[in-house]
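Reviewing the structure listed below.
The values are calculated or read from the model by the stated rules, or taken from the named source; none is laboratory data. Remember, it's a predicted structure, so these values are computed and weren't measured experimentally. We place every Cβ from the backbone using ideal geometry, glycine too, and count neighbours over all the protein chains shown.
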Amino acid sequence: MGFTVNRPVVIKAIVTESFKRLYIQDLEEAIKRVNAIEGQLDSQIRRAELERTVTPQARAIRQQLELEVRVGDNLFTKLSRAEIIVKDGIIMEIREE
């Protein structure tokens, strides 16, 4: 029957020029990874802020536009001029030619 003993072990490194180069390289790669993650977070924050500023009216327009094109629709008719009538920030009417 065997058993395992866990105990703290101190690791000491002899600092050579080669060790310094490897350590610096590891740190630079870690910094690059952190910067990449920071960029992704910034992008996600900006996207969330933009989505927060989208008004309910804009969402309604987007939903209607996304639902408007279907199989069998005449593409030229769908791409023709359309008008959105807005009064005091409220969509009153959507006109298609």
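Mind listing just one residue for me: the one in region 60-82 that is loosely packed, with under 10 Cβ neighbours inside 10 Å and outside any loop (DSSP other than H, G, I, E, B) and, of those, modelled with the lowest pLDDT?
Only one residue tops the list, namely L67.
How many of the residues in region 18-66 are under 22 Å from I84 (Cα atoms) and of a type in the set (G, A, S)?
2
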